[in-house]
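Notes follow once the structure below has been shown.
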Number of protein chains: 2
Amino acid sequence: MPELRKDPVTGRWVIIAVERAMRPSDFKEEEELESNDVTEKCPFCEGHEDRTPPEILAYRKPGTQPNTPGWNVRVIPNKFPALRVEGDLNRRGVGMYDMMNGIGAHEVIIESPNHFDSLETLPLKHVEDILWAFRDRCLDLRKDIRFRYIIIFKNKGKKAGASLSHPHSQLIATPVIPKLAKEELAGAQRYYDYKERCVYCDMIAQEVGDKKRLVIENEEFVVFVPFASIVPFEMWILPKQHSSDYADIKRGQIPYLADALQRSLRMLNKAVPNVPYNFYIHSAPLNNLHLPHYHWHIEIVPRLTHTAGFEWGTGLYINPMPPERAAEFLRKAGEELEK
Amino acid sequence: MPELRKDPVTGRWVIIAVERAMRPSDFKEEEELESNDVTEKCPFCEGHEDRTPPEILAYRKPGTQPNTPGWNVRVIPNKFPALRVEGDLNRRGVGMYDMMNGIGAHEVIIESPNHFDSLETLPLKHVEDILWAFRDRCLDLRKDIRFRYIIIFKNKGKKAGASLSHPHSQLIATPVIPKLAKEELAGAQRYYDYKERCVYCDMIAQEVGDKKRLVIENEEFVVFVPFASIVPFEMWILPKQHSSDYADIKRGQIPYLADALQRSLRMLNKAVPNVPYNFYIHSAPLNNLHLPHYHWHIEIVPRLTHTAGFEWGTGLYINPMPPERAAEFLRKAGEELEK
């Protein structure tokens, strides 16, 4: 059972994978799979359904059986979960310290049966299915009252932490509200207390108005490079209509989110070919889903720079790419894609 | 002039290097220098003093001139500073956002005239000189009332953000108290309010008492793997005697700190050969140097794991190495070194 341990100074929780019991020699770079046998070995490819734990959800062709070919999006439990779904939290003290069992859910959303697809190249309708799968899993997992937060995230490229190249994202449900979620919620609350407006709604108005950092605007979503971006080409995707809960997304909004997400990633990839990146959805905590001061959004974080001692020691980031310039490069990349 | 921009939600400051004006194509891996001409090209090597900005401080042989050979530790301004020393802050609003000029100091502490030395291999007396240089620079820079915090840090190895392999550390003085410093200060204050004791003093007592995570103990310092380590083989070095200000270190403590730091790094390097790492000194903010609730310390952060979307999106870390196991490996490495 993994453990959740709390730093006694900052209160930050850490997941300690007690049972994996690594040795120092385990920390070396994994070799890349040879590209000729990559699909042969890949557990996420169509036809290899028996190499993963049984599926939790799949959008399949009518008449096909679970855990067989015929799906286009497939959700499975992570074979090496960071948190485990069975058991109770058992919060307890160890000397002066605090800990609990590492209870949670860790799932993999396999985005396509085809190894060489990507969010950038899939048909828009298929991207919509992936976004529906995100929503369906949130709605199901929030019934479990042990969970306080759900984060959906994607690691693309080895430098961004991806260990398998087959297109997939992940979901982790946690029994604590994570540090960064707490910080956003508290900050948004402070702004709301003072202004009686949602800080994200205000940002949307400002970015759509002055356009300097704007990357994409469609009927339902805006994409911009945030004023205080921590890394080059960071982008935030926000629904224009105020909503704090991703799973509350309306049927009519999904095609526009698919468009905004796919175009953002295409522009990024055009501006910086093969860039590794992460993205994740920030949404309201499960015990308080409808908040006037919070606004769900997707953050795209390209992984072009190294974090060094200064960043680790201070939490201050040095971004060598002014956000206005980044937005300019991205818009230009978008224009070239449309040619 | 770099800019300091504030995230309107979380309040986190970011340094935007406006004038470096990178292009997307600038983000590629730098090539390693060939080892046969490495010292030829290195601006930090003895004899190349004219390739750096003029020195701020150097411990030299009697009779040698500034900016010539004859030094063993040399401090220079960073040629590409993250923050600039000239000017005023000019705090201002931009639409709904907040920013100020990127004022600060950014210095490089060249730890040895010899390219192939390291903190692990230098004579202990030389390590002491480096620790004295850290202190001297803190005492000088804190006279500048624009600065609120000083962080001293080291990047060792390319994966830890080092761009030059010549042994060196860095110092950045910032006009804001960085996010992580604020969090530690606030957390330590909360503990003090409740217990009327320093949380770090309590940790020292616990770790020295139960020994499971203890790595080194000498007359003046302890080194342990923290209970809620965020990465494998993380280590904290703390003075046994309560003190919140690194620059307040006593002459009699320096040899013991040199011993604790060098032995920690040797044990780490024995356990995981050539591991890239960062370390940094966490000390009190400049406007409030003597705090009953805060305790200066050094954090050593080996860079063996990738941070991925989950960590970036939540601030929750997954550590695959239980701290007790890490301490065991480190102690064993220490025993082998003594053979």
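The values are calculated or read from the model by the stated rules, or taken from the named source; none is laboratory data. What you see is a predicted model; the values in this text were computed from it and never measured. So basically every Cβ, Gly included, is an ideal-geometry build from the backbone, and we count neighbours across all protein chains shown.
Go through the stretch B:79-112 and report how many residues are out of contact with any strand residue (DSSP E or B) (no Cβ under 6 Å at 6 or more places or on another chain) and of a type in the set (S, T, N, Q).
2
Starting from the stretch A:1-19, keep only residues that are at the interface with chain B (Cβ under 7 Å from one of its Cβ atoms), then list their pairs with residues that are among the basic types (Lys, Arg) and surrounded by 23 or more Cβ atoms within 10 Å (Cβ to Cβ) whose Cβ atoms are within a distance under 9 Å, requiring at least 6 positions of separation or different chains.
Listed pairs, sorted by first residue: A:13/A:5; A:14/A:5; A:15/A:5; A:16/A:5.
With A:34, A:29 as the choices, which residue is modelled with pLDDT under 95, within 14 Å of another protein chain (Cβ to nearest Cβ) and surrounded by fewer than 17 Cβ atoms within 10 Å (Cβ to Cβ)?
Numbers: A:34 fails: within 14 Å of another protein chain (Cβ to nearest Cβ).
Exactly one residue qualifies, and that residue is A:29.
Looking only at the stretch A:105-117, count every residue that is in a loop (DSSP other than H, G, I, E, B), out of contact with any Leu (no Cβ under 8 Å at 6 or more places or on another chain) and closer than 16 Å to residue A:162 by Cβ and tell me the total. It would help to see each step written out before you state the result.
Initial filter on the stretch A:105-117 (in a loop (DSSP other than H, G, I, E, B)): A:111-117.
From what's left, out of contact with any Leu (no Cβ under 8 Å at 6 or more places or on another chain): A:113-117.
Now drop any that are not closer than 16 Å to residue A:162 by Cβ, which leaves A:115-117.
Residues that pass the stated criteria total 3.
Among the residues of the stretch B:281-331, count how many are facing chain A (nearest Cβ under 7 Å), of a type in the set (Phe, Trp, Tyr) and within 17 Å of residue A:9 (Cα to Cα).
1
Is it fair to say residue B:278 is surrounded by fewer than 20 Cβ atoms within 10 Å (Cβ to Cβ), among the polar types (S, T, N, Q) and in contact with a Gly (Cβ under 8 Å, 6 or more places away or on another chain)?
Details: surrounded by fewer than 20 Cβ atoms within 10 Å (Cβ to Cβ): no; among the polar types (S, T, N, Q): yes; in contact with a Gly (Cβ under 8 Å, 6 or more places away or on another chain): yes.
No: the conditions fail for residue B:278.
Please work out which residue is surrounded by the most Cβ atoms within 10 Å (Cβ to Cβ), limiting yourself to the stretch A:81-97 and to residues that are part of a strand (DSSP E or B) and without any contact (Cβ under 8 Å) to a residue 60 or more places away in the chain. Steps first, answer last, please.
Initial filter on the stretch A:81-97 (part of a strand (DSSP E or B)): A:84, A:92-94, A:97.
Those still in the list that are without any contact (Cβ under 8 Å) to a residue 60 or more places away in the chain too: A:92-94.
On the way: A:92: 10, A:93: 8, A:94: 13.
Here the answer is A:94.
Among the residues of the stretch A:286-318, count how many are farther than 30 Å from residue A:140 by Cα and either assigned by TED's automatic domain parsing to the domain that holds residue A:105 or part of a loop (DSSP other than H, G, I, E, B) (or both).
Going through the stretch A:286-318 one residue at a time, the tally reaches 8.
Report the residue count in the stretch B:272-285 for those that are under 30 Å from residue B:190 (Cβ atoms) and part of a loop (DSSP other than H, G, I, E, B).
Count: 3.
Could you tell me which of the residues B:207, B:183 is under 30 Å from residue A:317 (Cα atoms), of a type in the set (Asp, Glu) and within 11 Å of chain A (Cβ to nearest Cβ)? Walk me through how you get there before you give the answer.
On the way: B:207 fails: under 30 Å from residue A:317 (Cα atoms).
It is B:183.
Of everything in the stretch B:281-321 that's farther than 30 Å from residue A:106 by Cα and among the aromatic types (Phe, Trp, Tyr), which residue is surrounded by the fewest Cβ atoms within 10 Å (Cβ to Cβ)?
Selected residue: B:296.
Check whether at least one residue in the stretch B:327-339 is surrounded by fewer than 22 Cβ atoms within 10 Å (Cβ to Cβ) and part of a loop (DSSP other than H, G, I, E, B), and report yes or no.
yes
Does residue B:222 count as within 22 Å of residue A:16 (Cβ to Cβ), away from chain A (no Cβ under 14 Å) and within 20 Å of the chain's Cα centre (by Cα)? I'd like the intermediate steps shown before the answer.
Working: within 22 Å of residue A:16 (Cβ to Cβ): yes; away from chain A (no Cβ under 14 Å): yes; within 20 Å of the chain's Cα centre (by Cα): yes.
The answer is yes for residue B:222.
Of the residues A:277, A:294, which is modelled with pLDDT of 95 or more and more than 20 Å from residue A:319 (Cα to Cα)? Walk me through how you get there before you give the answer.
Working: A:277 fails: more than 20 Å from residue A:319 (Cα to Cα).
After ruling out the rest, the residue left standing is A:294.
Which members of the stretch A:82-101 meet the condition of being more than 20 Å from the chain's Cα centre (by Cα) and of a type outside the set (A, V, I, L, M)?
Listed by number, the residues that qualify are A:86, A:87, A:88, A:90, A:91, A:92, A:93, A:95, A:97, A:98, A:101.
Looking at B:64, B:68, which one is surrounded by fewer than 14 Cβ atoms within 10 Å (Cβ to Cβ), part of a loop (DSSP other than H, G, I, E, B) and either modelled with pLDDT of 95 or more or not aromatic (Phe, Trp, Tyr) (or both)?
Numbers: B:68 fails: surrounded by fewer than 14 Cβ atoms within 10 Å (Cβ to Cβ).
That would be B:64, the only listed residue that is surrounded by fewer than 14 Cβ atoms within 10 Å (Cβ to Cβ), part of a loop (DSSP other than H, G, I, E, B) and either modelled with pLDDT of 95 or more or not aromatic (Phe, Trp, Tyr) (or both).
Restricting attention to the stretch A:167-177, and to residues there that are in contact with a Lys or Arg (Cβ under 9 Å, 6 or more places away or on another chain) and either under 18 Å from residue A:245 (Cβ atoms) or free of Cβ contacts under 8 Å to residues at least 40 places away in the same chain (or both), which single residue is farthest from the other protein chains (Cβ to nearest Cβ)? Spell out how you get there, then give the answer.
First pass over the stretch A:167-177, keeping only residues in contact with a Lys or Arg (Cβ under 9 Å, 6 or more places away or on another chain): A:167-171, A:173-177.
Cutting the leftovers down to either under 18 Å from residue A:245 (Cβ atoms) or free of Cβ contacts under 8 Å to residues at least 40 places away in the same chain (or both) gives us A:171, A:173-174, A:177.
Working: A:171: 10, A:173: 11, A:174: 7, A:177: 9 Å.
If we take residues in the stretch A:167-177 being in contact with a Lys or Arg (Cβ under 9 Å, 6 or more places away or on another chain) and either under 18 Å from residue A:245 (Cβ atoms) or free of Cβ contacts under 8 Å to residues at least 40 places away in the same chain (or both), then A:173 is farthest from the other protein chains (Cβ to nearest Cβ).
Is it fair to say residue B:256 is within 14 Å of another protein chain (Cβ to nearest Cβ), farther than 25 Å from residue A:305 by Cα and not aliphatic (A, V, I, L, M)?
Numbers: within 14 Å of another protein chain (Cβ to nearest Cβ): no; farther than 25 Å from residue A:305 by Cα: yes; not aliphatic (A, V, I, L, M): yes.
Spelling it out, it is not the case that residue B:256 is within 14 Å of another protein chain (Cβ to nearest Cβ), farther than 25 Å from residue A:305 by Cα and not aliphatic (A, V, I, L, M).
Search the stretch A:135-182 for residues being polar (S, T, N, Q) and assigned to a strand (DSSP E or B), and hand back the single one that is surrounded by the fewest Cβ atoms within 10 Å (Cβ to Cβ). Step through it out loud before you land on a result.
Within the stretch A:135-182, the subset polar (S, T, N, Q) is A:155, A:163, A:165, A:169-170, A:174.
From what is left, the residues that are assigned to a strand (DSSP E or B) are A:155, A:169-170, A:174.
Numbers: A:155: 26, A:169: 23, A:170: 20, A:174: 28.
That would be A:170.
Checking residue B:308 against (1) closer than 30 Å to residue A:172 by Cα; (2) in contact (Cβ under 8 Å) with a residue 40 or more places away in the chain, which test does it fail?
The failed condition is (2).
Just to verify a result, which residue in the stretch B:194-203, among those that are more than 7 Å from chain A (Cβ to nearest Cβ) and in contact (Cβ under 8 Å) with a residue 24 or more places away in the chain, is surrounded by the fewest Cβ atoms within 10 Å (Cβ to Cβ)? Write out each step before concluding.
The first filter runs over the stretch B:194-203 and keeps only residues more than 7 Å from chain A (Cβ to nearest Cβ), leaving B:194-198, B:200-201.
When the remaining residues are screened for being in contact (Cβ under 8 Å) with a residue 24 or more places away in the chain, the result is B:198, B:200-201.
Values: B:198: 20, B:200: 24, B:201: 16.
So, considering only residues that are more than 7 Å from chain A (Cβ to nearest Cβ) and in contact (Cβ under 8 Å) with a residue 24 or more places away in the chain, the one surrounded by the fewest Cβ atoms within 10 Å (Cβ to Cβ) is B:201.
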